[in-house]
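> This is the structure I want to talk about, given as structure tokens.
Nothing in this text is a laboratory measurement; each read-out follows from the coordinates by a stated rule. The shown structure was predicted, so the numbers you read here are calculated from the model rather than taken from an experiment.
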Amino acid sequence: MPVVVRPAAEADLAAAREWYERQRPELGERFLDAATAAARLIAESPETYPALHRETRRAPLRNFPHGLMFRVHPEAIVVVGLFHARRDPKIWRHRQTSDDDS
């Protein structure tokens, strides 16, 4: 099943990559590799990840304290955001109310 990344999620990924790159050269690329690997796992088996709120699921990134938040639709898997594990989970809830990008 295809994975669609909403613009807000793309912005989250870009901001996190830039932050990691400033911390240590090449760490930003390692972060993106982890995000890509998580997206691949989501595409292969989205139901593996439990629903957290209104069918939104979280796929953790290996070696980073982030998760891809996504919803499973009949035609695609939609990534609604990337969130740090220590952020308030209420922040991402507003993104799941609109399925216009699915």
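> Starting from the amide H of H73, placed 1.01 Å from N in the peptide plane, find each other amide H under 5 Å away whose residue is 5 or more places distant or on another chain.
Placed amide hydrogens put V78 under 5 Å from H73.
> Residue by residue, what Karplus-based ³J(HN,Hα) values in Hz, rounded to whole numbers, does segment 19-24 have, using 6.51, -1.76 and 1.60 with θ = phi - 60° and x for Gly and Pro?
So the Karplus estimates, Gly and Pro as x, are 4, 5, 5, 5, 6, 7 Hz.
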